[in-house]
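The values are calculated or read from the model by the stated rules, or taken from the named source; none is laboratory data. Note that the structure is a prediction, hence the values are computed from the model and not measured. Cβ coordinates were reconstructed from backbone atoms using ideal geometry, including for glycine residues, and neighbour counts include every protein chain displayed.
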Amino acid sequence: MLFDLDATLMDHDAARIAGFAGHVAEWLPQMQAGELEQLDEEWRRLEALHYEQYASGECSAVEQRRRRVRAMHDRLGHALPSDADADAWFASYLGYYRAHWRAFEDVAPALEALCSVDPELVLGIVTNGEGEPQRAKLAAIGVADRFAVVIASGEVGFAKPDAAIFALACERLGVQPAQTAHVGDRLDFDAQAASAAGLHGIWLDRRGAQRAPRDVTRITTLRELPAALSS
């Protein structure tokens, strides 16, 4: 059984929102609530845009951070920072973001239920990102010891939705793709990509946004995972 990390096990959006608010309170202390909401929405958009560029190999993890910082400064009409200043700005934000890392409330019960149903079940993580921060997240949310392998794209040279990252995870777990499920919050990068790689793709649609395509299973909470696997 493979899991995505951000927005699947860890509540990334809540950490991002709280982290950005804390950082902005220090960076722009006169910012009003309405303005903060607009900036947070822009920060979310910039994260999605530039993280996709990193995941596709267009830029490094450090460069995608710098692009986000510079775009935010440009949005406000501020002078664009040097590399060193952009890195310092992002490090400040990262400190606030890290302070709010939390697991979703359904994570622990779901993992307990899975292991109770099948004590031989082996678990792994497949995540797009650099290895050190992703492992730090697993430790911070209290589940690091649950997973036999952690496959981080920044360490292996390919990222979801590439089938190679799922194949590598299966190889390291000693299982066949057809015997393995992968669950994540992205329909495209997680569920459909896993299905295309020969796994059982499971889409964790926490917002209840829409119906799933035929090639994936849709759940709205990890509590539904044991039933989804047995169906």
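Below, the figures for the structure above:
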item	result
Filter result (of a type in the set (S, T, N, Q) and either touching a Pro at 6+ places or on another chain (Cβ under 6 Å) or closer than 21 Å to Asp190 by Cα (or both)) within segment 3-48	Thr8
Hits in segment 209-231 (condition: surrounded by fewer than 17 Cβ atoms within 10 Å (Cβ to Cβ), at pLDDT 80 or above and either of a type in the set (Lys, Arg) or under 18 Å from the mean Cα position of the chain (by Cα) (or both))	Thr220, Thr221, Arg223
Of residues in segment 147-158 being under 9 Å from Thr127 (Cβ atoms) and of a type in the set (A, V, I, L, M), the one nearest to the chain's Cα centre (by Cα)	Ala152
Among the residues listed as Glu130, Glu120, Glu171, Glu155, the single one being charged (D, E, K, R), loosely packed, with under 15 Cβ neighbours inside 10 Å and in contact with a helix residue (DSSP H, G or I) (Cβ under 6 Å, 6 or more places away or on another chain)	Glu155
Within segment 54-70, considering residues that are in a loop (DSSP other than H, G, I, E, B) and within 20 Å of Arg186 (Cα to Cα), the one nearest to the chain's Cα centre (by Cα)	Ser56
Qualifying residues in segment 182-205 (those that are within 22 Å of Asp106 (Cβ to Cβ) and free of Cβ contacts under 8 Å to residues at least 60 places away in the same chain) - the one farthest from the chain's Cα centre (by Cα)	His200
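Every residue, every condition in (1) modelled with pLDDT of 95 or more; (2) assigned to a helix (DSSP H, G or I), yes or no:
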{"position": "Ala14", "(1), (2)": "yes, yes"}
{"position": "Pro29", "(1), (2)": "no, no"}
{"position": "Glu37", "(1), (2)": "no, yes"}
{"position": "Glu52", "(1), (2)": "no, yes"}
{"position": "His78", "(1), (2)": "yes, no"}
{"position": "Ala91", "(1), (2)": "yes, yes"}
{"position": "Leu94", "(1), (2)": "yes, yes"}
